[in-house]
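**Q** Can you keep this structure in mind? I'll have questions shortly.
The values are calculated or read from the model by the stated rules, or taken from the named source; none is laboratory data. Remember, it's a predicted structure, so these values are computed and weren't measured experimentally. For neighbour counting, all protein chains shown are included, and Cβ atoms are generated from backbone atoms with ideal geometry for every residue, glycine included.
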Amino acid sequence: MSQSGLPTIAVLLTQVANAEALAATCALNKIKAWAVPSPIGAYAVAQDARPAQVEHLAKSVSALVKGVPAILVVSTDGQMTATQWQDGAATGTLPPALVLDGAPHELEDVLLGQTPATQIAGVVDAGSIGRFKAMRMLASAAKTYNAKAD
């Protein structure tokens, strides 16, 4: 909780094609998050928005999705910050308004606390996925991706 009593909400925007693959990635790293599908790439909403947990989310996911930037947006007390991550490291800050400009309306609602991530169609709870299931999900996603690439 923040000083105003509003929950801190942390969202990692990715270019991962589907929520299942993102949830599996989170599950393998023991990250509790909801993976939400979107037209711009799945995003992860941290179930534990403490700073250390949020940093672990951004560091772990960006390290696994090599060479592709991810953007961590954190909303606390009505103020948003946005940090770009790539290859497991923060690479700089971005203006939150610019980040949200092309984002789906649902993402803004989640960040503002108006819509819980669990109410968005297609959401996947990474905390409910076991390690072996996560590996199978990633293998399936890779197979699908490779089939589309051919």
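Conditions tested, residue by residue: (1) at negative phi; (2) modelled with pLDDT of 90 or more.
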position: GLY5; (1), (2): no, no
position: LEU28; (1), (2): yes, no
position: PRO37; (1), (2): yes, yes
position: ALA46; (1), (2): yes, yes
position: GLU55; (1), (2): yes, yes
position: GLN79; (1), (2): yes, yes
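**Q** Can you give me the number of residues within the stretch 15-30 that are surrounded by 24 or more Cβ atoms within 10 Å (Cβ to Cβ) and touching a helix residue (DSSP H, G or I) at 6+ places or on another chain (Cβ under 7 Å)?
**A** Looking only at that region, the number is 6.
**Q** What pairs can you find where one residue is in the stretch 53-65 and free of Cβ contacts under 8 Å to residues at least 60 places away in the same chain and over 9 Å from ALA89 (Cα atoms), the other is assigned to a helix (DSSP H, G or I) and not charged (D, E, K, R), and their Cβ atoms are less than 6 Å apart, with a gap of 6+ or different chains?
**A** VAL61/THR25; LEU64/THR25
**Q** I've got another one for you. What number of residues in the stretch 31-52 are crowded, with 19+ Cβ neighbours inside 10 Å, without any contact (Cβ under 8 Å) to a residue 60 or more places away in the chain and under 21 Å from LEU98 (Cα atoms)?
**A** Step one: filter the stretch 31-52 for residues crowded, with 19+ Cβ neighbours inside 10 Å, giving 31, 33-37, 42-46, 49.
Narrowing further to those that are without any contact (Cβ under 8 Å) to a residue 60 or more places away in the chain: 42, 46, 49.
Still in the list and also under 21 Å from LEU98 (Cα atoms): 42.
Selection size over the stretch 31-52: 1.
**Q** Does LYS143 satisfy the condition of being surrounded by fewer than 14 Cβ atoms within 10 Å (Cβ to Cβ) and basic (Lys, Arg)?
**A** Values: surrounded by fewer than 14 Cβ atoms within 10 Å (Cβ to Cβ): yes; basic (Lys, Arg): yes.
So LYS143 fits the description; yes.
**Q** Checking VAL36 against (1) farther than 26 Å from LYS133 by Cβ; (2) touching a helix residue (DSSP H, G or I) at 6+ places or on another chain (Cβ under 9 Å), which test does it fail?
**A** Condition not satisfied by VAL36: (1).
**Q** To continue, here is another question. Just to be sure, is PRO104 surrounded by fewer than 18 Cβ atoms within 10 Å (Cβ to Cβ) and closer than 15 Å to THR14 by Cβ?
**A** Yes.
**Q** Next question, about the same structure. Can you tell me which residue among LEU57, LEU72, LEU94 is farther than 18 Å from ALA21 by Cβ, within 16 Å of the chain's Cα centre (by Cα) and buried (at least 16 other Cβ atoms within 10 Å of the Cβ)?
**A** Working: LEU57 fails: farther than 18 Å from ALA21 by Cβ; LEU94 fails: within 16 Å of the chain's Cα centre (by Cα).
None of the others qualify; the one that does is LEU72.
**Q** Okay, next question. With respect to the numbered conditions (1) within 20 Å of THR25 (Cα to Cα); (2) modelled with pLDDT under 95, which one is the sole condition not fulfilled by ASP109?
**A** Every condition holds for ASP109 apart from (1).
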